[in-house]
Amino acid sequence: MTIRPIIAVPDPRLKQVSEPVEAVTDALRLLMDDMVETMHDAKGIGLAAIQIGVNKRVIVMDLSPSDHGDEGESSDRYDLSELKDETIRYFVNPEIVWTSEEMNNYQEGCLSVPGFFDDVERPKACKVTYLDYHGQPQELDCDGLLATCIQHEMDHLNGVVFLDHLSRLKRDMIVKKLRKQSKDTNVVEPL
């Protein structure tokens, strides 16, 4: 498995709508394995393929607290193949087919918006259909953090980052800070 670079706001690729996957192949499973490794390395709980520059409708998630460390501390490493069906979730071509009317407010962060967090209101529960790691159709009822995370990652597949849920003033301030940080670290922004 390979840790891949995560692209950050204001990279224009994050505004692309991701393309559907035609089939779950060995190459796609390798991509998903790389995504899990990348997500764990970055101490995240979810990652969409577009965040590593791959324009495919693929998401990985791991909400187990021990897998991604605490407050930036290094996490224990483990054999990911043993956990594929237990804690790591794979979503290929996911679709939200139902959302609750009841809303939930959760402080979100994003691996593509490093160091920034803010409250985002989303439906408290949702139902998702998708293909799993082996290409089998699945349906999942989500609530709480799982519902928030899948909706956050689905936004990425549709060219939306969590900043788009904030007021224009907050969003502009954060993007300005991110641009300054990228210049301070001599990172060249894509055009």
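The values are calculated or read from the model by the stated rules, or taken from the named source; none is laboratory data. Predicted, not measured: the structure shown is a model, and the values here were computed from it. When we count neighbours, we look across all protein chains shown, and the Cβ atoms used for this are built from the backbone with ideal geometry, even at glycine. Quick note on the areas: whole protein, heavy atoms, side chains included, nothing else; ligands and nucleic acids left out. Shrake-Rupley method; radii C 1.70, N 1.55, O 1.52, S 1.80 Å.
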- Residues VAL160 and TRP98, FRET efficiency given R0 of 22 Å [Cβ-Cβ distance, rounded to 0.05]: 0.70
- Ignoring ligands, DNA and RNA, what accessible area per residue does region 105-148 give at 1.4 Å, in Å²? 49
- Message: Between GLU139 and VAL17, what is the label-point separation in nm under the 7 Å Cα-to-beta-carbon projection?
- Response: 2.5
- Set of region 3-20 residues, backbone N closer than 16 Å to the point 7 Å along the Cα-Cβ line of LYS183: 10-11
